[in-house]
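Reading through the structure tokens given below for one structure.
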There are 2 protein chains.
Amino acid sequence: MQNFIFQNPTKLVFGKGQIAKLPELLPRDKKIMVTYGGGSVKNNGVYDQVTTAMKGFDYIEFWGIEPNPTVETIRKAVARGKENNVGFLLAVGGGSVLDGTKLIAAGIASEVDAWDIVKKGYAEEQLPFADVLTVPATGSEMNQGSVITRAETREKYGWFGKYPQFSILDPEVTYSLSDYQVACGLADAYTHVLEQYLTTPGQSRLMDRWAEGVLQSVIEIAPKIKENPKDYDLMADYMLAATLALNDFIRMGIAQDWATHQIGHELTALHGVTHGHSLAIVMPGTLRVLKEQKHDKLLQYGERVFGITEGTEQERVDKAIEKTEEFYRSLGLTTRLSEENIGEETIEIIRNRFNERGVAFGENKNVTGDVAREILISCS
Amino acid sequence: MQNFIFQNPTKLVFGKGQIAKLPELLPRDKKIMVTYGGGSVKNNGVYDQVTTAMKGFDYIEFWGIEPNPTVETIRKAVARGKENNVGFLLAVGGGSVLDGTKLIAAGIASEVDAWDIVKKGYAEEQLPFADVLTVPATGSEMNQGSVITRAETREKYGWFGKYPQFSILDPEVTYSLSDYQVACGLADAYTHVLEQYLTTPGQSRLMDRWAEGVLQSVIEIAPKIKENPKDYDLMADYMLAATLALNDFIRMGIAQDWATHQIGHELTALHGVTHGHSLAIVMPGTLRVLKEQKHDKLLQYGERVFGITEGTEQERVDKAIEKTEEFYRSLGLTTRLSEENIGEETIEIIRNRFNERGVAFGENKNVTGDVAREILISCS
């Protein structure tokens, strides 16, 4: 096990009717900016709940943070926040609204352009912020990460800042999600775990078990949610799984991968593929190309998560990878680039982008542009 | 799943050589009281590491917090803390030193007698505190709980306050623990999980998986630690398991039991049985007496943790309880009251104590004095 420091201060306020707790949680001595996406919260009752709870608070609203939030939109919000002397932000929406709000919070607290913060990789200063989560997927509600797109150049990068002060998670707000949103959310949560789990073997038995526990839970609930997307306990486990998949709890003292995310971000930046969906396409390819490096962990994963115990080690490894792709497909997602009409040209662009940036990802930092190309070819 | 609020702000500083980080973590503007137990830290190098790291800090030492810390000792420390205008506490030791220090921190911040804080069940005010942990067992390094004994009346109760600001966990400091300390630590961690897991079925698939993950890890490492108690990765997993077994991570939205702990505390208060050992005696009895109420969870536990899939449901439940007692015995602990020369008289005292206090414990609040008696008879 590697040395590590763990501290996650976010207050999770979880359950039915918890949006009504906003008055106890929000500051009364600061101007608040409440941020929203495109308006679905007006149809599912969340906007009304938030507005009712915030009666008497001094706040402004900012609308229009889009899926895969762009720095172009964030700059407008930063300008409005500065004009209005905003001191606290409340994101109401999914991971995109929250990620965008994290950058607004950093932008208002800074004199530099928001894109410079993203490129630097972390925020020096950031206003406090919180959220009412409506789409379980990214884990952004309990972590330091944010991913921002620059529309102008079709670039998409992650950066880090503070944790949310609090996050309100009411599973009932997920009832209005589309099947595709749920599929992408489950794929996102599942892949977050694989990025932290399918790496170096023998680091921590306990972290392995917890990663496997999230995977087993997601596999168990996914088909049941399809049958009954308004079952409270199912949606509560889905919402909790997405948060715990990426809030530092399963990565204490271990190596991490994240190459799939880096490649997936490129597919989103270049073709607008929904984040969770991009991971469902790339992850099986990453495993196929790096199956030797990940051999021992893939064996363990196959046995403990899919019950694969028959065959040679190589057959079991291949089977575990097949079962992974099957799982993504069972959610209703495509898993091949050709199914999304993405061809060789994109693969070359991504290779070149990695090479130009001089980056390499993965637990062994060996996923260069050429390896990314190989992974994408394997997903064709 | 029940509604819940989760927030655990403790900073975990984990790994080799982390005691040297104390200068970055401790406050320089406050008088610090460093608290110790009986002196084992002088033999295992921890005292030297702490003293070296604290050069230049303004601090006093308080020695002599005993196993099952008594309010009588804590009162002396509170008086010394007040005289010296102490503003921060650093516990260096195991769960007892830490639990005692939590009460010192509350006592210095208050005008009432320390025992009144314990009897009230929570502290209104408490100085900030932190710890260097030397015995993985109680989880006190990352939770709000503390258990204190009143020697005069042979009473032992839990109470709640703040979380530690930070906890330094260096697995290397566990190398000098005795076999019995490790056995009690593993039994304590294991039982903490059972108290949160073997309750109402169907609350959260994910919390179940995480609880099972800690149990599986402890079962896997326990025999290996016996063979090699200086294997860093083994001891790191042991240390991490003990912390994660009782830091709120596995009890989100679920019912909890804790009857075994309440009964075990009485055995410790009346006979000085080491805490983890008292749990190894009582838990199998709790399961035997409440096996109908816990039927579904015991079946799941038997299958997932011990691989029990053969026989009628009743046989599988009984087998799961047997395997639990076998596990405690495999650690080298006795599991029967007669083996510790505890007889009927004690059982009657405990029943009467429960009845006089008018308390009932367990996830269904049905472990009254009479049920506690039945449990203890079953452990005779």
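None of the figures in this text is laboratory data; all of them are computed from the coordinates on show. Everything numeric in this text was worked out from a predicted model, so none of it was measured. Every residue, glycine as well, gets a Cβ built from its backbone with ideal geometry; the counts of neighbours run over all protein chains shown.
See the values below:
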{"quantity": "Chain A: angle of helix A:205-227 to the longest principal axis, Cα-based, in degrees nearest 10", "calculated": "80"}
{"quantity": "Per-pair calculated FRET efficiency, R0 = 41 Å: residue A:66 and residue A:356 via Cβ, rounded to 0.05", "calculated": "0.95"}
{"quantity": "Count, lysine Cα pairs under 22 Å in segment A:1-75, 8 or more residues apart or across chains", "calculated": "12"}
{"quantity": "Stretch in chain A that is longest and holds no trypsin sites (Lys or Arg not before Pro) that DSSP places in a loop and that have at most 12 other beta carbons within 10 Å", "calculated": "A:56-229"}
{"quantity": "Point-charge dipole on Cβ atoms (K/R +1, D/E -1) for chain B, about Cα centre, debye to 20", "calculated": "760"}
{"quantity": "Cα-Cα pairs of segment A:179-378 separated by more than 28 Å (percent)", "calculated": "23"}
{"quantity": "Antiparallel %, DSSP beta bridges [both residues in segment A:54-178], to 5", "calculated": "40"}
{"quantity": "Debye log10 I(q)/I(0) for segment B:192-269, one point scatterer per Cα, at q = 0.11, 0.14, 0.16, 0.17 Å⁻¹", "calculated": "-0.34, -0.54, -0.67, -0.74"}
{"quantity": "Paramagnetic reach from residue A:380 in segment A:250-282 [backbone N under 17 Å; point 7 Å along Cα→Cβ]", "calculated": "A:282"}
{"quantity": "Residue B:370-residue A:364 pseudo-label distance in nm [points 7 Å out on the Cα-to-Cβ vector]", "calculated": "6.6"}
{"quantity": "Degrees, to the nearest 10: A:95-108 long Cα axis against longest axis of chain A", "calculated": "60"}
{"quantity": "Whole-angstrom gap from segment B:241-270 to segment B:306-380, using each part's C-alpha centre", "calculated": "15"}
{"quantity": "Longest segment of chain B lacking GluC sites (Glu not before Pro) that sit in a DSSP loop with at most 12 other Cβ atoms within 10 Å", "calculated": "B:125-291"}
{"quantity": "Degrees, to the nearest 10: B:369-378 long Cα axis against longest axis of chain B", "calculated": "70"}
{"quantity": "Using a Förster distance of 30 Å, the FRET efficiency for residue B:326-residue B:122 (Cβ separation, nearest 0.05)", "calculated": "0.20"}
{"quantity": "Gap separating the Cα centres of segment A:36-96 and segment B:114-173, nearest whole Å", "calculated": "42"}
{"quantity": "Signed unit charges on C-beta, dipole axis of segment A:245-380, positive-most listed residue A:273, A:253, A:338", "calculated": "A:253"}
{"quantity": "Gyration tensor (alpha-carbon) shape descriptor, segment A:52-154, a/c threshold 1.5", "calculated": "oblate"}
{"quantity": "Check: segment B:11-172 dipole with +1 on Lys, Arg Cβ and -1 on Asp, Glu Cβ, in debye", "calculated": "80"}
{"quantity": "Projected-area mean, the protein assembly as shown, by convex hull of Cα positions, square nanometres", "calculated": "32.8"}
{"quantity": "Dipole in debye (nearest 20) - the protein assembly as shown, about Cα centre, beta carbon charges: Lys, Arg +1; Asp, Glu -1", "calculated": "1400"}
{"quantity": "Translational diffusion coefficient (Stokes-Einstein; Kirkwood radius from C-alpha pairs) of segment B:226-332 at 25 °C, 0.890 mPa s, in µm²/s", "calculated": "156"}
{"quantity": "Computed FRET value (nearest 0.05) for residue B:84 with residue B:111, which takes r as the C-beta separation and R₀ as 22 Å", "calculated": "0.80"}
{"quantity": "Rounded, prolate or oblate (a/c below 1.5 giving rounded, otherwise prolate when a/b exceeds b/c) for segment A:148-243 by Cα gyration tensor", "calculated": "oblate"}
{"quantity": "Computed helical MRE - 222 nm, chain B, DSSP H runs ≥ 4 contributing -39500 (n - 2.57), nearest 500", "calculated": "-15500 deg cm²/dmol"}
{"quantity": "Length released on extending from residue A:231 to residue A:7, taking residue separation times 0.36 nm less the Cα-Cα span", "calculated": "77.4 nm"}
{"quantity": "Relative intensity, log₁₀ I(q)/I(0), of chain A from a Debye sum that treats every alpha carbon as a point, q = 0.15 Å⁻¹", "calculated": "-1.39"}
